[in-house]
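Encoded as structure tokens, the structure appears first; notes follow it.
The values are calculated or read from the model by the stated rules, or taken from the named source; none is laboratory data. In this text, all values refer to a predicted model and were calculated from it rather than measured experimentally. When we count neighbours, we look across all protein chains shown, and the Cβ atoms used for this are built from the backbone with ideal geometry, even at glycine.
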Amino acid sequence: KNITVYIESAVREKESEFASFSVFNMATIKNEVDFIVVLGGDGTLLWATSLFQGAMCVPPVISFGGGSLGFLTPFDLNEYKPVLSEFTSTGGPHWVNIRMRL
């Protein structure tokens, strides 16, 4: 699939397995993102959406829980492959939960 993955520069520097991913630039990324994938807990999800502060809207977020509570992360981290495969399939079922940003 033709997907570009953006990550933080600090993550790319620490983990060699992410060397092929692009580092995001907040000045331009707001116009380039179709959806966000969050791997972590509720705090990581809130941080990721805060990157779009001031934008007209936050792109859809697919969040995989890796924290202890997971009130905002509906998918288990072990389910990432089938969930992302379904979400990125052409014509596949897509779902959106509308939430307010505080």
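Taking each residue of segment 56-77 that is under 24 Å from Glu32 (Cβ atoms) and in a loop (DSSP other than H, G, I, E, B) and looking for partners that are at pLDDT below 80 and basic (Lys, Arg) with beta-carbon atoms closer than 7 Å, six or more apart or interchain, yields Val58/Arg101. Summed over segment 1-60, residues that are over 16 Å from Tyr80 (Cβ atoms) and either in contact with a Cys (Cβ under 9 Å, 6 or more places away or on another chain) or hydrophobic (A, V, I, L, M, F, W, C) (or both) total 17.
Just one residue in the set Thr28, Thr4 is over 24 Å from Ser89 (Cα atoms) and either at pLDDT below 85 or among the acidic types (Asp, Glu) (or both); that residue is Thr28. Taken over segment 1-48, the criterion of being closer than 22 Å to Gly65 by Cα, more than 16 Å from the chain's Cα centre (by Cα) and part of a loop (DSSP other than H, G, I, E, B) is satisfied by Glu15 alone.
Here's a check for you: in segment 51-76, which residue that is of a type outside the set (Val, Ile, Thr), within 29 Å of Thr28 (Cβ to Cβ) and modelled with pLDDT of 85 or more is surrounded by the fewest Cβ atoms within 10 Å (Cβ to Cβ)? Checked segment 51-76; the qualifying residue surrounded by the fewest Cβ atoms within 10 Å (Cβ to Cβ) is Phe75.
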